[in-house]
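Accompanying notes for the structure given below.
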Ligand SMILES: Nc1nc2c(ncn2[C@@H]2O[C@H](COP(=O)(O)OP(=O)(O)OP(=O)(O)O)[C@@H](O)[C@H]2O)c(=O)[nH]1
Ligand SMILES: [Mg+2]
């Protein structure tokens, strides 16, 4: 897809702040620092519209990005970041839960995992939770530029098996560095936004 327009619309913490138009939404989930914001930037070909950082925990609100007046990417704060208090973690949990469980426009969640490592316990818990709530998941194995091509398939197999990924959920190899997988990710996302 050719992105001609992309903007951040709102950083929301509660439902009253979500956009009111009925455009389809794609949520981004994954542990802190996995590359969710970088994924958004690569997909919309903008260097730093979605703020990225080498410091985990950069994204702390639900950030709604409108793309070509057609759909939203919703950047969700990452999980598994140890340096937050229990109270903060609970507030985070409630914010995400409310969004994911009560948003009819949410068509799918792109769950990012780091291709270099087997999905963590938190990754597995997140995937199971999404499946329990019957949310379609597009698994994106990112940072593929960090391992040699000859090892991609072996690592993808570990991702598939550790998550116990449902056959219906797509798995896409990606790199925000090289743009590998960008076209595949776009066509999959568009397919899901067109489902009712
Ligand atoms: N080599 C490489 N580095 C990446 C890739 N994607 C992200 N990074 C780097 O990983 C770090 C974290 O990226 P972010 O996009 O900020 O991660 P995030 O998931 O949004 O993190 P939080 O907002 O903390 O949840 C940054 O230093 C990025 O440059 C990738 O595909 N390849
Ligand atoms: Mg981020």
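Worth a mention:
- Test: residue in the stretch 45-61 that is at pLDDT 95 or above and either over 18 Å from residue 143 (Cα atoms) or away from ligand 2 (no atom under 14 Å from the Cβ) (or both): no
- Some residue of the stretch 113-126 being surrounded by fewer than 18 Cβ atoms within 10 Å (Cβ to Cβ), at negative phi and within 13 Å of ligand 1 (Cβ to nearest atom): yes
- Failed condition for residue 104, given (1) assigned to a loop (DSSP other than H, G, I, E, B); (2) under 27 Å from residue 12 (Cα atoms); (3) touching a residue at least 40 places away in the same chain (Cβ under 8 Å): (3)
- Picking from residues in the stretch 7-33 that are within 15 Å of the chain's Cα centre (by Cα) and closer than 18 Å to residue 93 by Cα, the one that is farthest from ligand 1 (Cβ to nearest atom) is 27.
- Screening the candidates 114, 123 for the property of being closer than 15 Å to residue 36 by Cα and within 15 Å of ligand 2 (Cβ to nearest atom) yields one hit, 114.
- For the residues 146, 86, 151, 165, the requirement of being modelled with pLDDT of 95 or more and loosely packed, with under 12 Cβ neighbours inside 10 Å singles out 146.
- Odd one out for residue 91, checked against (1) within 16 Å of ligand 1 (Cβ to nearest atom); (2) part of a strand (DSSP E or B); (3) more than 21 Å from residue 161 (Cα to Cα): (2)
- Test set (1) at pLDDT 90 or above; (2) within 16 Å of the chain's Cα centre (by Cα) - residue 69 fails condition number: (2)
- Subset of the stretch 130-143 that is in a helix (DSSP H, G or I) and surrounded by fewer than 18 Cβ atoms within 10 Å (Cβ to Cβ) - its residue that is modelled with the highest pLDDT: 131
The values are calculated or read from the model by the stated rules, or taken from the named source; none is laboratory data. Predicted, not measured: the structure shown is a model, and the values here were computed from it. Cβ sites come from the backbone with ideal geometry, for glycine too, and all protein chains shown count toward neighbours.
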